[in-house]
Amino acid sequence: MSDIPIQGMDFRQLRNEVQLLRDELAITKRKYEDLLYNLDDDNFADYIKKEKENMKTEIKVSAEGIGILVSEVYPNGVENESSIEVNAREISYKVSAIDVDNKLVNYSTITQTATAITSAVNNERQYTTNLLDTDYYTKVQTNSQITQSANSIYSSVSATYETKDGASSNFSNLDSRIIQTETAITLKVSADYSEPILTSSSPPYSDKTRLYYNTSNDYYYFWNGSAWAVATSNNIYSAFEQTATGFNLSGNVRIDGNTVITENLKLSGTVTWDMNNSPVKSMYSQYNLGNPNTHPTYWHSLFQTNDKYMVVSFDGGSNWGNITKIVGTDGVNGVDGVDGVDGKDGTDATVSPQNVFNALTAGGTQQ
């Protein structure tokens, strides 16, 4: 092509310039068509990588799927990473953060298939300390997960506590879950321990590889490497299941507040309660007057010597039955009995001056 500006060309020069441009366009078009026709795995890169300072991005392409990874690493030991994996059957997402110096790992995942979506969040941390030349190691791992499908939703929260002191090792697994289907909703909480839980009103400082239950505040504790921390006795679980026909409860049930039962109550085990909380209550009085609700000053719970009357309540004291006399009135004295048989005569006294003196003076006390 000519170096002469277009505005300085004559007709012949312009015609030659146009012809050259046409030829160049034809060549470029033919090369582009050949490139598209011959495009395949042999001449197309299946891996792309870009790096700058502490950041990196990677893209992988294959017949099986596509993978994308973005990461960053800092000198202080913190590593952040996110990834996406796509294939014909599922799509997976993951975001993670690792703190190497503090031994902390966090990550969350989402997995999607044609039949379900599952999301999870995990946290893992390790505590290590040295006490009296003994290394105490505690690993705490928590996890939450939700799985959704066409006919169910499943969610769970779990925690694992593992403690070591070099020679021995103990673990504790805590788990709670909710399972929902079209016919039922089930809630369950379980705990599994390698050894029975220690029970105490204060931390057992002599054994830091065990989980213990604090009786003063009803919390579970584990040793986190420097102090006792609240954990949230072998193979304990409780479950609550709701269906269209009723509720099913498993494990110990604690109810704070009033409980009203409008139908029958059927028990297959034993019922125990202390004196203050028994539904059956009895009160005593020496007067046949009212009841503990209308005349509370005349009635008391412990029987006293002069008491003669009692009332009973079968609903914890809300209502009282009729007064019952429990001590009868003294009857009329009976007729005197027949005189008894005369007694045996005594032996004769010994007569002496001293005995006569004693008899006359009452032993020398009278004149």
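Quick check on my filter: what residues within the stretch 291-310 are assigned to a loop (DSSP other than H, G, I, E, B) and more than 21 Å from THR329 (Cβ to Cβ)? The answer is ASN291, PRO292, ASN293, THR294, HIS295, SER301, LEU302.
The residue pairs whose first member lies in the stretch 168-182 and is at negative phi and surrounded by fewer than 16 Cβ atoms within 10 Å (Cβ to Cβ), whose second member is among the hydrophobic types (A, V, I, L, M, F, W, C) and modelled with pLDDT of 75 or more, and whose beta carbons are closer than 6 Å, counting only pairs six or more residues apart or on different chains, are ILE178/LEU187.
Taking the stretch 145-170, which residues are modelled with pLDDT under 90 and among the aromatic types (Phe, Trp, Tyr)? Within the stretch 145-170, TYR161 is the sole residue that qualifies.
Taking the residues in the stretch 250-279 that are touching a strand residue (DSSP E or B) at 6+ places or on another chain (Cβ under 7 Å) and either assigned to a loop (DSSP other than H, G, I, E, B) or modelled with pLDDT of 80 or more (or both) as candidates, determine which candidate is farthest from LYS325 (Cα to Cα).
Step by step, filter the stretch 250-279, then rank; the result is GLY251.
Of the strands (runs of 3 or more DSSP E) lying entirely inside the stretch 65-119, the ones with 2 or more residues being within 22 Å of THR147 (Cβ to Cβ) are found at 78-87, 90-99, 104-113. Looking at the structure I just gave you, is VAL95 under 27 Å from ILE117 (Cα atoms), surrounded by 15 or more Cβ atoms within 10 Å (Cβ to Cβ) and not acidic (Asp, Glu)? Judged against the criteria, VAL95 is a match.
Listed by first and then second residue, the pairs with beta-carbon distance under 9 Å, at least 6 apart or on different chains, first residue in the stretch 323-338 and within 18 Å of ASP307 (Cα to Cα), second among the β-branched types (Val, Ile, Thr) and not in a loop (DSSP other than H, G, I, E, B), are ILE323/VAL311; THR324/VAL311; THR324/VAL312.
Remark: pairs (first residue in the stretch 111-131, at pLDDT below 80; second residue buried (at least 16 other Cβ atoms within 10 Å of the Cβ) and of a type outside the set (S, T, N, Q); Cβ separation under 6 Å; 6+ apart in sequence or on different chains) = GLN126/LYS139; TYR127/GLY225; THR128/TYR137; THR128/GLY225; THR129/TYR136; THR129/GLY225. Being more than 53 Å from the chain's Cα centre (by Cα), surrounded by 10 or more Cβ atoms within 10 Å (Cβ to Cβ) and either over 30 Å from LEU187 (Cα atoms) or not aromatic (Phe, Trp, Tyr) (or both) holds for only one residue in VAL356, VAL280, VAL351, and it is VAL356. For the stretch 219-249, filtering for residues that are at pLDDT below 65 and part of a loop (DSSP other than H, G, I, E, B) leaves 6.
The values are calculated or read from the model by the stated rules, or taken from the named source; none is laboratory data. Model, not experiment: these values are computed from the prediction. In this analysis, Cβ positions are derived from the backbone assuming ideal geometry, glycine residues included, and neighbour counts consider all displayed protein chains.
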